[in-house]
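**Student:** Got a structure for you, written out below as structure tokens; questions coming shortly.
The values are calculated or read from the model by the stated rules, or taken from the named source; none is laboratory data. The model shown is predicted, which means the values in this text are computed figures rather than measured ones. Using ideal geometry, Cβ is built from the backbone for each residue, glycine included, and neighbour counts are taken over all protein chains shown. Ligands, DNA and RNA are excluded from the accessible area calculation, which covers all protein heavy atoms including side chains. Shrake-Rupley method; radii C 1.70, N 1.55, O 1.52, S 1.80 Å.
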Amino acid sequence: MASTATVDDWSALAGEVDIPDRAFIDGEYVESAGGETFECVSPIDGRVLANVAACTVEDVGRAVAGARTAFESGVWSQAAPKERKRVLLKLADLVRSHADELAVLETLDMGKPIRESRRTDIRLVAECIQYYGEAVDKVYDEIAPTARNAVAMIYREPLGVVGAVVPWNFPLLMASWKLGPALAVGNSVVLKPAEQSPLTALRLAGLAAEAGLPAGVLQVLPGDGPGAGQPLGLHRDVDMITFTGSTEVGKLFLRYSGESNMKRVSLECGGKSPHVILPDCHDLGAAATAAAWGVFYNQGEVCNAGSRLVVHEQIKDEFMPLLLAAAERIVAGDPLDPKTSLGAMVDETQTRRVLDYIDKGQNEGADLILGGTRVRTDTGGFYIEPTVFDHVRNDMTIAREEIFGPVLSTITVGSEDEAIAVANDTMYGLAAAIWTDSVDTAHRVARAIRAGIVWVNTFDAGDISSPFGGFKQSGFGRDKSMHALEKYTDLKTVWIGLRD
Ligand code: NDP
């Protein structure tokens with residue numbers, strides 16, 4: 001679609017696009033074993049897009065068996081790295097050439113603005129798959145520095161069958177963060193997208209087959225958590241679960257592992273990221289814009305959202321009007337309109353959950369200074385306006401729990417030490433940001449904050465080359481970067497004794 005495309009152009013495409021509604025197993029689109037389906041509802045206007053196959057334990061059994069057969073055959077797992085590279089680069093090309101279709105499916109399915117689906121999500125999906133395709137024939141095994149009477153070779157081998165379970169906020173991007181490295185090193189993958197957003201993952205499976213990925217190497221099972229996610233987590237022939245989602249469900253996967261075959265688990269879970277504004281930050285306008293976008297981007301449905309604004313009392317009076325002005329410019333609109341910057345919440349359940357948190361904030365004594373209400377109700381969709389609380393204490397529910405909506409909690413502090421203490425007073429440790437003009441302060445505070453990523457004078461910056469993941473109950477294991485390759489492989493030492 002041209003950069004001049006209008007809401008009418010995107011709406012026309014949305015009306016024409018094929019909605020994938022079946023599971024993808026062993027190279028084919030198939031109904032679920034029991035023939036059951038679930039309604040896939042568009043949060044834009046509440047309409048049913050399709051009845052999608054609801055996979056359950058039987059489908060999981062079939063998909064895992066097919067994935068195992070493909071793995072053991074060696075057709076992918078033992079293919080030369082440059083052959084896997086060829087297929088992944090072709091897949092990245094196909095994602096690019098189907099970018100409009102994938103973007104419109106993403107927006108219809110989960111409500112994010114089309115300009116984000118097209119400009120950010122799908123672009124990054126292609127970039128991620130390309131990155132791991134390009135990487136895989138540049139990774140060497142090792143020879144250990146032993147005595148001269150031996151050669152000890154240390155190989156990295158694929159794990160086997162990897163189960164990937166992903167959330168709905170960046171449906172295809174989260175899936176590609178798992179698929180890119182897991183497939184590149186030779187695993188077979190059984191992917192369970194979130195029930196709220198299965199469409200792009202299903203479409204990607206077809207594109208992967210077109211790119212030349214052998215049947216069984218990528219299986220996609222739409223379905224809900226208890227129906228499809230749990231049997232995948234408990235399956236004894238799955239070697240690893242790679243998960244992005246809530247901390248609560250992440251803990252379930254640890255349990256499933258212990259109750260079954262001790263499969264590896266990698267967890268990217270929730271966050272409650274502090275966005276710290278220190279008094280020596282002189283560009284308060286830039287900080288305010290970043291703080292607003294840091295929490296309202298993607299409707300606040302972002303694991304690393306800067307949902308706690310930790311602001312120093314010395315600059316607070318100057319900062320807050322700038323923040324509110326930036327927030328007021330972010331207005332909910334039709335997600336298919338390229339001018340829209342705030343789309344729909346993913347569904348009615350999440351909308352109610354966020355509104356409940358807004359009620360709790362008020363009931364516990366925080367001051368609601370912007371927003372707080374559901375809007376665009378005439379559309380039949382699910383929209384909440386940007387919401388800001390002031391005078392929040394860090395022990396209030398809205399400062400402790402992940403809201404996953406457009407709600408910012410402002411906490412005032414009187415010193416750098418207090419800012420660090422508040423930033424770290426959370427069970428999460430995914431991300432944080434600091435605004436300061438002092439390089440000394442930046443280093444000191446960045447080191448003191450316990451989080452997987454700390455931004456200085458920016459927010460949510462990064463690219464595929466830098467790792468992503470959290471400390472504490474934000475999980476463990478890293479997505480993105482070359483480090484992600486490590487978790488999808490195991491080390492094998494082959495020790496050869498040499499005769500003199
Ligand atoms: P959930 O944890 O509810 O779901 C994540 C996935 O787990 C979905 O596919 C879901 O299936 C599945 N699932 C749910 N219940 C079970 C179960 N009992 N057994 C097995 N699988 C299950 O998260 P959301 O989809 O609601 O996504 C939001 C969460 O994801 C937030 O907490 C957010 O912080 C986190 N997240 C973390 C990121 C990170 O990188 N750290 C990035 C993005 C999001 P279904 O929904 O179909 O029932």
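**Student:** All other residues with a Cβ under 9 Å from the Cβ of Val185 taken together, and with Lys, Arg as +1 and Asp, Glu as -1, what is their net charge? Before the final figure, lay out each step's value.
**Tutor:** Numbers: positive: Arg84, Arg156; negative: Glu157.
Around Val185, the surrounding residues sum to +1.
**Student:** Once the Cα atoms of helix 122-135 and of the chain are each reduced to a long axis, what angle between those two axes, in degrees from 0 to 90 to the nearest 10, is obtained?
**Tutor:** With rounding to tens, the tilt is 40 degrees.
**Student:** What do you get for chymotrypsin sites (Phe, Trp or Tyr not before Pro) in region 441-475 restricted to DSSP loop and a cutoff of at most 11 other Cβ within 10 Å of the site's Cβ?
**Tutor:** Answer in residue order: no site qualifies.
**Student:** Considering every pair of different Cα atoms, what Kirkwood radius, in Å, is found for the chain?
**Tutor:** Working: mean 1/r = 0.0426 Å⁻¹.
One decimal place: 23.5 Å for the Kirkwood radius.
**Student:** Can you show me the helix-derived [θ] at 222 nm for the chain, built from DSSP H runs with n ≥ 4 at -39,500 (n - 2.57) apiece and divided by the number of residues, rounded to the nearest 500.
**Tutor:** So the helix-based figure for the chain works out to -11500 deg cm²/dmol.
**Student:** Heavy atoms only, probe 1.4 Å: what % of the accessible area of region 381-500 goes to carbon and sulfur, would you let me know?
**Tutor:** Carbon and sulfur atoms account for 52 percent of the accessible area of region 381-500.
**Student:** If the limit is 21 Å between Cα atoms, which of Lys360/Lys472; Lys178/Lys339; Lys251/Lys272; Lys82/Lys192; Lys178/Lys251 go over it? Display every interim value, and only then the final one.
**Tutor:** On the way: Lys360/Lys472 26 Å; Lys178/Lys339 31 Å; Lys251/Lys272 17 Å; Lys82/Lys192 28 Å; Lys178/Lys251 19 Å.
Table pairs above 21 Å Cα-Cα are Lys360/Lys472; Lys178/Lys339; Lys82/Lys192.
**Student:** On a 0 to 90 degree scale, rounded to 10, what angle separates helix 284-296 from the longest Cα axis of the chain?
**Tutor:** 60 degrees
**Student:** Let me ask you something else. Excluding same-chain residues fewer than 8 positions from Lys492, which aspartates and glutamates have a Cα within less than 13 Å of its Cα?
**Tutor:** Asp141, Glu142, Glu157
**Student:** Express the accessible area of region 141-236 per residue in Å², computed with a 1.4 Å probe while the remaining protein chains stay in the model.
**Tutor:** On a per-residue basis, 28 Å².
**Student:** Here's a follow-up. Within the chain, what's the longest run with no trypsin sites (Lys or Arg not before Pro) in a DSSP loop and at most 15 other beta-carbon atoms within 10 Å? Give the range, please.
**Tutor:** My reading of the result: 394-498 is the longest stretch.
**Student:** I need the per residue convex hull volume for region 386-457, using only the alpha carbons, in cubic angstrom as a whole number.
**Tutor:** 102 Å³
**Student:** When N is the residue count of region 196-295, what does its C-alpha Rg come to as a fraction of 2.2 N^0.38 Å?
**Tutor:** 1.56
**Student:** Can you give the FRET efficiency to the nearest 0.05 for Arg352 and Val48, using r as the Cβ-Cβ distance and R₀ = 22 Å?
**Tutor:** 0.70
**Student:** Can you tell me the accessible area per residue over region 367-417, all protein chains present, probe 1.4 angstrom, in square angstrom? Working shown, then result.
**Tutor:** Working: 1880 Å² over 51 residues.
With all protein chains present, region 367-417 gives 37 Å² per residue.
**Student:** Within region 195-308, what whole-number % of the accessible surface is contributed by carbon and sulfur, with the 1.4 Å probe and all protein chains included in the calculation?
**Tutor:** Summing carbon and sulfur atoms, their accessible area is 55 percent of the total for region 195-308.
**Student:** Over all directions, how big on average is the projection of the convex hull of the alpha-carbon atoms in region 363-485, in square nanometres?
**Tutor:** Approximately 10.2 nm², given one-decimal rounding.
**Student:** A follow-up question, please. Using only alpha-carbon positions, what ratio does the radius of gyration of region 63-176 give when scaled by 2.2 N^0.38 Å?
**Tutor:** Dividing the Cα Rg of region 63-176 by 2.2 N^0.38 Å gives 1.39.
**Student:** Rounded to the nearest 10 degrees, what's the angle between the helix 7-16 long axis and the longest principal axis of the chain, both from Cα atoms, 0 to 90?
**Tutor:** Rounded to the nearest ten degrees, it is 40.
**Student:** Roughly how many whole Å is it from the C-alpha centroid of region 373-437 to that of region 257-273?
**Tutor:** If you average the Cα positions of each part, the centres end up 25 Å apart.
**Student:** Work out from phi, with θ = phi - 60° and the Karplus expression 6.51 cos²θ - 1.76 cosθ + 1.60, the ³J(HN,Hα) of each residue of region 241-251, listed in order in whole Hz, and give x for Gly and Pro.
**Tutor:** So the J values, rounded to whole Hz, are 10, 10, 10, 10, x, 6, 4, 4, 6, x, 5.
**Student:** To one decimal place, what orientation-averaged projected area in nm² is obtained for the convex hull of the Cα set of region 275-414? Walk me through the numbers on the way to the answer.
**Tutor:** Details: hull surface 32.3 nm².
Averaged projected hull area, Cα only: 8.1 nm².
**Student:** Report the local net charge at Phe243: Lys and Arg +1, Asp and Glu -1, summed over other residues whose C-beta lies under 9 Å from its C-beta.
**Tutor:** That sum, taken over residues with Cβ under 9 Å, equals 0.
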